[in-house]
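Everything on this sheet refers to the single structure shown next.
The values are calculated or read from the model by the stated rules, or taken from the named source; none is laboratory data. All of these numbers come straight from a predicted model, not from anything done at the bench. Ideal geometry is used to build each Cβ from the backbone, glycine not excepted, and the neighbour counts take in all protein chains shown. Surface accessibility is based on the protein's heavy atoms, side chains included, excluding ligands, DNA and RNA. Shrake-Rupley method; radii C 1.70, N 1.55, O 1.52, S 1.80 Å.
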Amino acid sequence: MCAAREGRCGRRQRALLCCVLVAAWEAARGQLRYSVPEELPKGSFVGDVAKDLALELAALGARGARVVSPGRAQYFALHASSGHLVTAERIDREQLCDVLQQCVLRCELIVEGEMKVYAIEVEITDINDNTPSFEEVQMQEEMSETTAIGSRFPLPVAHDPDVGVNSLQSYALSGDEHFSLSVQAGADGEKRPELVLAKALDREEAAFHELLLRASDGGDPARTGTARIRVAVLDANDNAPAFSQAVYAVRVPEDVPVGSTLLTVTATDPDDGTNGAVQYYFKKGKKFFFEFFDLEPATGAIKLVRNLDFEEGDSYELEVQARDGGELFDTAKVSISVTDVNDNAPEISVRSALSEISEDAAPGTVVALVHVQDRDSGANGEVRCSLGEGVPFRLERALDDYYSVVTARELDRERASEYNVTVRAADGGSPALRSGAVLALRVLDVNDNAPVFAEARYSARLPENNAEGALVLTVRAWDADWGQNARVRYRLREGRLRGAPLSSYVSVQAETGALYALRSFDYEEVRELELWVRAEDGGAPPLSSNVSVRLLIADENDNAPQVLYPPPPPAPGPG
């Protein structure tokens, strides 16, 4: 027993080593492909993404790399510290890809800091972890004692969800000399066992025959499932029902109402009485198929009992059996094809997006990465994407169903400080189905506007002999920028008057722009002042503008007349 266990462990280890990832990277498209066996423990190594994409490990952690999958389940994860793609849970190939020979899971690696996306495909290879099994392990077949030698009877087909050599390979029958086994290959390559009557039956000699049907796969070691068959011999009923055709085929739209009759199968039996009364039954098909259809035993009408969905299943292959009262039967194949209806609107997923952008961002700057898909097929699944009108953005295809939203031209915060960008998607159905997603984006200010004075030039009159500190006038300037970039401060541009600096005559209040006289003016000395005031914003570097200010000194009657001619007589001298 220990030796057998060690042998199994050794084979599993060899299988794991043989199935360890084979990476084929299509560098031009940014795609990675790996291969791993099913049933690996959670956290098992899948591939060295960082190495295969030539990404720095530090960049993966700093730039926010993550793995996303199209559906709700996440089968893979990224170790940012190592750059390895690992399994996020134990993966059962048969559960994910029951009807597919090649099981490929797709996901995307998104590096948010670089606004890049890489497609990853991981093939899940099969291991021999399933035993062939029959839906019924105990079954009974009934045959008339007049059944001709060489007659064939379909036996239940075993199901093995494994693929390749690990799938079902052979059948064997044992237990009675009256029967042999024939295995036919169907058009689809499926092995179909048939019970062949090799020796005439005699109910009086033996009323029952016990048989054992074995189904084996090709694994190492092989797995085998069994079913016991009991053949009951009936008294003579020499005509079996016969279907009007061997194959019944019908095409129905996926939105056909529940309760509708999809088709009716018909079989006739020339016998009389109960031997000629035909009843219909489902004989063969995937078990979950019978959740959708009901076969009325008396009429052969096949009705729909559950809504169809083209995206979940586009065809159903069933086998029906017509039995008479003597339990003779005929079989026919029923093929139900489902046609697509445009019943799925496009789905838009915002995988990465900026919430704010500087107004001096260069055209072509990526602001969002969106994924668009439609579960319908054909034209119904073809999606056209567009942006709302009047926004300075455009769409660019990034990878397959991914689109980048990029700036189409330079932005101007002073014209629009924020945008609600609507991404619209419409499929090719008639009528088309549509969906949309809104991206909210705030525009950050750049100091690109200099202060602007309210007037092109200023002038004021000030009477002479004014009080020191008297308010002369107030200049005003506005800046279209925002925040610190829009904060305006005022200062006097230096100059000289009568040999003294202008700043000794007047001053400007930096916050308000108020111009004050610092001394009392004398019209007889100074009649006007020409000066410049500068307005400067708080940007880095700051922007500024200048305005000229003319100050006129108004004369007042502050001097008495003086007699210049004739000159006054000289004062008399001492006596």
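Computed values, structure above
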| quantity | calculated |
| --- | --- |
| Close pairs from the stretch 160-176: first more than 8 Å from Arg214 (Cα to Cα) and in the same structural domain as Glu194 (by the TED database), partner open to solvent by 40 Å² or more (accessible area, probe 1.4 Å) and modelled with pLDDT under 85, Cβ under 7 Å, at least 6 apart | Pro161/Asp98; Val163/Gln101 |
| The lone exception for Ser260 - which of (1) hydroxyl-bearing (Ser, Thr, Tyr); (2) touching a residue at least 40 places away in the same chain (Cβ under 8 Å); (3) open to solvent by 70 Å² or more (accessible area, probe 1.4 Å) it fails | (3) |
| Test: residue in the stretch 309-316 that is touching a residue at least 60 places away in the same chain (Cβ under 8 Å), buried (at least 19 other Cβ atoms within 10 Å of the Cβ) and over 30 Å from Thr147 (Cβ atoms) | yes |
| Residue list for the stretch 164-188, restricted to those being part of a loop (DSSP other than H, G, I, E, B), out of contact with any Lys or Arg (no Cβ under 8 Å at 6 or more places or on another chain) and either open to solvent by 50 Å² or more (accessible area, probe 1.4 Å) or under 27 Å from Glu39 (Cα atoms) (or both) | Ser167, Gly175, Ala187, Asp188 |
| Those residues of the stretch 534-575 which are farther than 22 Å from Ala467 by Cα and either in contact with a His (Cβ under 6 Å, 6 or more places away or on another chain) or outside any loop (DSSP other than H, G, I, E, B) (or both), in sequence order | Arg534, Ala535, Glu536, Ser544, Ser545, Asn546, Val547, Ser548 |
| Residues being β-branched (Val, Ile, Thr) and farther than 17 Å from Leu444 by Cα - total across the stretch 385-427 | 3 |
| Residue ID - least open to solvent (accessible area, probe 1.4 Å), chosen from residues in the stretch 368-384 that are more than 20 Å from Arg106 (Cβ to Cβ) and within 17 Å of the chain's Cα centre (by Cα) | Ala368 |
| Residues being more than 23 Å from Asn380 (Cβ to Cβ) and open to solvent by 50 Å² or more (accessible area, probe 1.4 Å) - total across the stretch 420-440 | 3 |
| Filter result (over 30 Å from Glu359 (Cβ atoms) and buried (at least 18 other Cβ atoms within 10 Å of the Cβ)) within the stretch 467-503 | Val472, Leu492, Leu502 |
| Complete set of residues in the stretch 496-532 that are more than 13 Å from Ile553 (Cβ to Cβ), in contact with a strand residue (DSSP E or B) (Cβ under 6 Å, 6 or more places away or on another chain) and in a loop (DSSP other than H, G, I, E, B) | Ala510, Gly513, Leu518 |
| Whichever residue in the stretch 324-340 is open to solvent by 40 Å² or more (accessible area, probe 1.4 Å) and not in a strand (DSSP E or B) and, among such residues, is modelled with the highest pLDDT | Gly325 |
| Checking Ala227 against (1) open to solvent by 70 Å² or more (accessible area, probe 1.4 Å); (2) touching a strand residue (DSSP E or B) at 6+ places or on another chain (Cβ under 7 Å), the condition it does not meet | (1) |
| Which numbered condition Gly83 misses (of (1) over 30 Å from Asn166 (Cα atoms); (2) open to solvent by 30 Å² or more (accessible area, probe 1.4 Å); (3) not hydrophobic (A, V, I, L, M, F, W, C)) | (2) |
| Counted residues, the stretch 238-257 - those being open to solvent by 60 Å² or more (accessible area, probe 1.4 Å) and in contact (Cβ under 8 Å) with a residue 60 or more places away in the chain | 7 |
| Strands (runs of 3 or more DSSP E) contained in the stretch 398-484 and holding at least 2 residues small (Gly, Ala, Ser) | 418-427, 434-444, 457-463 |
| Pairs where the first residue, in the stretch 448-474, is farther than 30 Å from Asp412 by Cα and the second is loosely packed, with under 12 Cβ neighbours inside 10 Å and not polar (S, T, N, Q), C-beta under 9 Å, 6+ apart | Glu464/Glu524; Glu464/Glu525; Glu464/Asp558; Asn465/Asp558 |
| Hey, Leu211 assigned to a strand (DSSP E or B) and either touching a helix residue (DSSP H, G or I) at 6+ places or on another chain (Cβ under 8 Å) or open to solvent by less than 60 Å² (accessible area, probe 1.4 Å) (or both) or not | yes |
| Selected residue (criterion: least open to solvent (accessible area, probe 1.4 Å)) from residues of the stretch 341-354 that are among the polar types (S, T, N, Q) and assigned to a strand (DSSP E or B) | Ser352 |
| Matching residues in the stretch 129-150 - criterion: being over 48 Å from the mean Cα position of the chain (by Cα), assigned to a loop (DSSP other than H, G, I, E, B) and of a type outside the set (D, E, K, R) | Thr146, Thr147, Ala148, Ile149, Gly150 |
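This table checks each residue for (1) touching a residue at least 40 places away in the same chain (Cβ under 8 Å); (2) under 60 Å from the mean Cα position of the chain (by Cα); (3) open to solvent by less than 100 Å² (accessible area, probe 1.4 Å); (4) under 27 Å from Leu497 (Cα atoms).
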{"site": "Ser520", "(1), (2), (3), (4)": "yes, no, yes, yes"}
{"site": "Glu528", "(1), (2), (3), (4)": "no, no, yes, yes"}
{"site": "Arg534", "(1), (2), (3), (4)": "yes, yes, yes, yes"}
{"site": "Ser545", "(1), (2), (3), (4)": "yes, yes, yes, yes"}
{"site": "Val549", "(1), (2), (3), (4)": "yes, no, yes, yes"}
{"site": "Asn557", "(1), (2), (3), (4)": "no, no, no, yes"}
{"site": "Pro570", "(1), (2), (3), (4)": "no, no, no, no"}
